[in-house]
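All of the numbers you see were taken from the coordinates with simple rules; none came from a lab. Fair warning: this is a prediction, and the values are worked out from it, not measured in the lab. Please note: Cβ atoms are built from the backbone with ideal geometry, for glycine as well, and neighbour counts cover all protein chains shown.
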Amino acid sequence: MRVLIVSDTHVPRRARDLPEQVWHEVERADAVIHAGDWCDLASLERLDARASLLVGVHGNNDGPDLRARLPEVARATLGGVRFAVVHETGDARGREKRCQERFDDCDVLVFGHSHIPWDTTAPSGLRLLNPGSPTDRRRQPHHTYMTAVAEDGRLGEVRLHRVG
């Protein structure tokens, strides 16, 4: 199962739309995970219409319309891999420990908020992934997103992609 992982798209505040490169990945993916900060209900609806399967959460920049449609925490099993999705995890210091305690029944935690790509594994084996942002790089050198393959209960081929 091919999984596209995005977060912090901030449409239309930071971009008018997702980059074409990301839309191409949506078409290829079996599932799309979005870790919040959509900023626009139309963005959710467009992505939901084009994705084979969409798993998403609301973020701190998402208003009542998005919060009414999206949970704070989402969970899904994709290719036998147990995913949790949340927008914020707090400070980088101590993140793995906090998250392994909170999400002890998951294999992978996808999060956003910082716009900083992140890929670490907690001592418990929980994989933590932040795809950065495809539209608002902040202080990062590139706009980014991730892809992964989930099959037979294993997460493989996790890749961070630069936009452009």
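Couple of notes before you dig in:
- On Cα atoms only, tilt of 41-50 relative to the major axis of the chain in degrees: 70
- FRET E, pair residue 75, residue 159, Förster distance 30 Å, beta-carbon r, rounded to 0.05: 0.80
- Residue-by-residue Karplus 3J(HN,Hα) for region 18-24, coefficients 6.51, -1.76, 1.60, Hz, glycine and proline x: 5, x, 4, 4, 6, 4, 4
- Summing +1 for each Lys or Arg and -1 for each Asp or Glu among the other residues whose beta-carbon sits under 12 angstrom from that of residue 27 gives 0.
- Rg in Å to one decimal, and Dmax rounded to a whole Å, for region 1-87 via C-alpha atoms: 12.1, 36
- Its residue count N sets the reference 2.2 N^0.38 Å, and the alpha-carbon radius of gyration of region 79-122 equals 1.10 times that reference.
- Multiplying the residue separation of residue 101 and residue 119 by 0.36 nm and removing their Cα-Cα distance gives an extension gain of 4.7 nm.
- Computed [θ] at 222 nm, deg cm²/dmol, the chain (DSSP H ≥ 4; -39,500 (n - 2.57); rounded to nearest 500): -5500 deg cm²/dmol
- Residue with peak Gaussian network fluctuation, the chain [Cα springs, cutoff 10 Å], from 59, 94, 125: 94
- Summary value for the chain: 25 percent relative contact order, contacts being C-alpha pairs under 8 angstrom separated by 6+ residues.
- In this structure the amide hydrogen of residue 158, modeled in the peptide plane, comes within under 5 Å of the amide hydrogens of 149, none closer than 5 places in sequence on its chain.
- Seen from all directions on average, the chain presents a Cα convex hull projection of 8.6 nm².
- FRET efficiency, 1/(1 + (r/R0)^6) with R0 45 Å, evaluated for residue 68 and residue 152 via beta carbons: 0.80
- Other residues lying with their Cβ under 13 Å from the Cβ of residue 111 contribute a combined charge of -3, Lys and Arg counting +1, Asp and Glu -1.
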